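Every number here is computed from the coordinates shown, using simple stated rules; none is lab data. Remember, predicted model here, so these are calculated numbers, not experimental data. Here the Cβ positions follow ideal geometry from the backbone for every residue, glycine too, while neighbour counts run over all protein chains shown.
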């Protein structure tokens with residue numbers, strides 16, 4: 001992301017560049033408008049000047065035409081080179097006036113009319129030359145020609161109205177054009193001022209926004225930096241400077257993130273250490289309590305076992321061999337129970353303990369219930385939790401065969417099949433309905449369909465699962481009035 | 001952006017100028033009109049302007065407001081001095097000006113009336129005998145061939161060749177009338193409506209048994225109607241006029257004027273420019289000097305169609 005930003009930074013326009021460009025644009029526009037304004041003004045003034053020049057030249061023309069006519073008459077009365085020259089000079093001067101007018105009327109639609117004026121003085125000049133020749137030759141029609149020439153002069157002079165009209169009309173048009181131009185210039189000026197004001201407003205707003213908006217966004221992101229939820233990408237697009245600032249902020253926020261993470265990790269660790277220490281303290285306390293309880297417990301069993309041994313010996317010495325045997329078996333069973341309830345035992349110890357239990361229960365139930373143990377001889381003496389088989393047999397006696405009066409049977413079968421040791425405890429009692437069995441399994445052997453608590457079964461299965469984990473599988477088979485069977489299958493491969 | 005700047009620079013360098021094609025020097029024609037503001041003659045101006053616009057010819061419409069041949073002649077002389085390429089005028093000026101114009105290589109076309117022996121480039125005008133025949137035919141249709149005609153005539157200026165030729169044509173053509181005729185009065189309107197009316201009042205008071213008036217000036221027929229109404233005369237006087245001024249047309253509609261000989265003044269202006277243009281630009285002379293203008297007798301029957309007929 002950082003690299004992308006750095007690459008992106010080269011493509012961005014810097015803030016100063018932006019200001020420079022905006023100003024440059026404004027300068028160009030101002031220069032263009034000003035130069036156009038000046039050029040328009042110059043053009044208008046030139047046009048106006050041209051019109052006045054035309055007017056002056058037209059004045060000059062008619063003055064020189066009159067002068068030409070006067071000089072011609074002077075020459076006729078006093079023929080001399082000087083007078084002829086004066087006549088000719090007047091003619092040339094009037095011609096020059098026409099040329100000037102035509103030059104100043106360049107582009108004017110009515111310029112051609114001044115060519116006609118030139119034609120008139122040319123014709124007058126030619127006719128004047130004819131009159132001079134006629135005078136020299138003393139022709140009869142001299143007078144007629146002279147009168148005609150004078151009439152021609154009058155006709156030329158009469159055109160003054162028409163031509164002044166043209167020039168003044170041109171002046172009028174120029175005046176209208178000047179007024180129009182001035183109006184246009186005023187409008188342009190107004191629009192230009194409005195444009196500049198608008199532009200300045202836009203420029204100011206844009207500049208202020210381009211500075212304040214990213215800063216505001218950065219400010220908004222500052223609080224979120226702590227949570228790592230910030231987003232500087234949009235701000236970084238604004239300009240180069242902001243991009244650099246965002247890069248620095250990104251660095252800073254990353255450092256902050258790292259520090260926050262480090263602090264959190266450290267805090268977690270310290271918490272865990274404290275918890276561990278606390279647990280250790282609890283364990284120490286429990287151990288102490290346990291040791292105390294063991295010491296207390298040791299006192300009572302020893303007293304009980306010594307008492308039972310004393311009763312066994314007394315019974316044996318008195319010849320009550322069966323009672324003596326019962327006492328011994330009970331003593332062994334109690335010792336096993338006390339020693340292995342919360343300890344790890346073995347399969348053979350379990351089998352020995354269940355033999356003692358069965359002996360006692362067989363004496364109790366007589367012909368009502370038979371207890372059969374069938375264990376293969378070369379079974380591996382696998383480790384297993386103590387007091388597993390006894391609760392299962394007890395369960396069968398108490399629940400399955402509770403109402404049996406004869407031929408009840410509890411079968412404990414231990415076999416090895418391939419890599420598995422299978423322990424099966426079954427009875428031929430009342431069994432369990434399939435829905436009740438389903439509920440029992442679903443409730444992890446804790447409760448049946450009638451919410452009856454199967455503590456023995458739950459205790460055994462949970463201890464087996466805790467001890468073996470996935471290595472053990474427990475299967476229960478039962479049908480109503482068809483007995484109950486629990487199979488514990490222990491995987492030896494994983495055990496090894 | 002760069003393209004725009006480049007385009008702007010090129011425009012500045014080129015000065016935003018458009019290329020102008022070199023063309024022939026435009027021609028300059030002058031119409032020396034007898035009446036520069038008269039409705040009828042303004043139709044001629046319109047025709048001239050249309051033809052000039054068609055051929056890109058510069059033109060001037062100059063002349064007096066009231067009849068003044070001197071002013072017309074000054075216009076013609078000024079046009080000659082200006083070396084105009086052509087002049088159009090009514091044949092009411094002295095023939096010397098026409099001849100001088102032709103001598104100075106400024107061709108001149110006469111309209112509406114001819115000038116005898118002037119030899120202009122062409123003359124576009126009514127055939128006066130045709131005009132007189134049209135009038136006679138209509139008169140005979142109205143009052144019969146055997147009625148003796150006592151005719152009063154009014155022209156603009158009796159000295160004009162135009163007037164002379166028109167009166168002469170009447171004399172020639174009306175001879176055919178079995179009932180016979182006599183021209184009992186000839187008056188002048190001087191192209192003025194009031195004068196025309198007053199002249200007619202004077203004539204009608206003097207000649208009470210007039211049965212026909214022929215008015216060869218545009219305003220004369222109207223003046224005659226006004227005079228008759230002023231004198232409370234009976235309607236047995238047949239009044240004929242020329243031209244189709246609004247009042248004339250209105251009076252024809254009302255039956256106050258029996259008819260009016262009309263021609264297209266627009267075509268005077270248009271056709272004369274065409275003739276001059278063909279002559280000056282292409283050296284093409286008119287087939288014959290006298291070019292008859294189409295004429296019609298405007299009466300109640302053809303009021304709606306005559307303009308179309310004239311243009312055709």
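Taking 1 over the mean of 1/r across every pair of different Cα atoms in the protein assembly as shown, what Kirkwood radius in Å do you get? Walk me through the intermediate numbers first.
Working: mean 1/r = 0.0237 Å⁻¹.
Hydrodynamic radius (Kirkwood, Cα pairs) of the protein assembly as shown is 42.3 Å.
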Rounded Å value of the spacing that divides the Cα centres of segment A:44-90 and segment B:135-158: 60
Efficiency of FRET from Cβ geometry, residue A:24 and residue A:209, R₀ 22 Å, rounded to 0.05: 0.60
Efficiency of FRET from Cβ geometry, residue A:66 and residue B:282, R₀ 35 Å, rounded to 0.05: 0.30
Segment residue A:158-residue A:141, length gained on full extension (0.36 nm per residue, minus Cα span): 3.6 nm
Helix axis angle, B:69-81 relative to chain B longest principal axis, alpha carbon, degrees: 20
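What do the square roots of 5 times the Cα gyration tensor eigenvalues come to for segment A:369-495, in whole Å, largest first, as semi-axes of the equivalent ellipsoid? Let's see the in-between values first.
Working: eigenvalues 114, 67, 27 Å².
After diagonalising the Cα gyration tensor, the semi-axes are 24, 18, 12 Å.
Pairs of Cα atoms under 8 Å, at least six residues apart: use those to get the relative contact order of chain A, whole percent.
Working: 489 pairs, mean separation 45.4, N = 496.
9 percent.
For an R0 of 60 angstrom, estimate the FRET efficiency from the Cβ-Cβ distance between residue A:394 and residue A:266 and round to the nearest 0.05. Show your work: numbers first, answer last.
Working: r = 54 Å, r/R0 = 0.90.
In this case the efficiency is close to 0.65.
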Cα-Cα P(r), chain B, percent of pairs per 10 Å interval: 6, 25, 29, 19, 10, 5, 3, 2, 1, 0
Segment B:188-222-segment A:308-333 distance, computed between alpha-carbon centres (Å): 185
Per-peptide average of other Cβ atoms within 10 Å, ordering B:199-206, B:85-92 highest first: B:85-92, B:199-206
Top of B:180, B:241, B:63 by mean-square fluctuation, Gaussian network on chain B, Cα under 10 Å: B:180
Helix axis angle, A:142-225 relative to chain A longest principal axis, alpha carbon, degrees: 20
The protein assembly as shown: antiparallel DSSP beta bridges as a percent of all, rounded to 5: 40
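If you wrap a convex hull around the Cα atoms of segment A:129-182, how much volume per residue is inside, in Å³?
On the way: hull volume 3.1 nm³, N = 54.
Expressed per residue, the convex hull around the Cα atoms of segment A:129-182 is 57 Å³.
What is segment A:2-220's relative contact order, in percent, from Cα pairs under 8 angstrom and six or more apart in sequence?
Working: 118 pairs, mean separation 51.2, N = 219.
23 percent.
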Centre separation in Å (Cα based) which lies between segment A:121-162 and segment B:256-272: 40
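Tell me the volume per residue, in Å³, of the convex hull enclosing the alpha carbons of segment A:52-153. Let's see the in-between values first.
Working: hull volume 8.2 nm³, N = 102.
Cα-based convex hull of segment A:52-153, divided per residue, equals 81 Å³.
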Peptides A:420-428, A:29-37, B:94-102 ordered by average Cβ neighbours within 10 Å, highest first: A:420-428, B:94-102, A:29-37
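Per 0.36 nm of contour for each residue apart, how much would the distance between residue B:233 and residue B:302 grow if the chain were fully extended, relative to their Cα-Cα spacing?
Details: separation 69, 0.36 × 69 = 24.84 nm, distance 2.71 nm.
Extra length available between residue B:233 and residue B:302 comes to 22.1 nm.
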Principal semi-axes in Å for segment B:128-262 [√(5λ), Cα gyration tensor, largest first]: 20, 17, 15
Projected label distance in nm at residue A:202 and residue A:150, using a 7 Å step from Cα toward the beta-carbon: 7.7
Label point distance in nm, residue A:489-residue A:99, each placed 7 Å from Cα along Cα→Cβ: 13.2
Cβ crowding within 10 Å averaged over residues, with A:127-133, A:479-485, A:402-408 ranked highest first: A:127-133, A:479-485, A:402-408
Surface/4 estimate of mean projected area, convex hull on alpha-carbon atoms of segment A:2-220, nm²: 19.4
Residue A:216 paired with residue A:402, simple spin-label distance in nm, labels 7 Å along Cα-to-beta-carbon: 7.9
Segment A:369-495, relative contact order in percent, only Cα pairs under 8 angstrom and at least six apart counted: 28
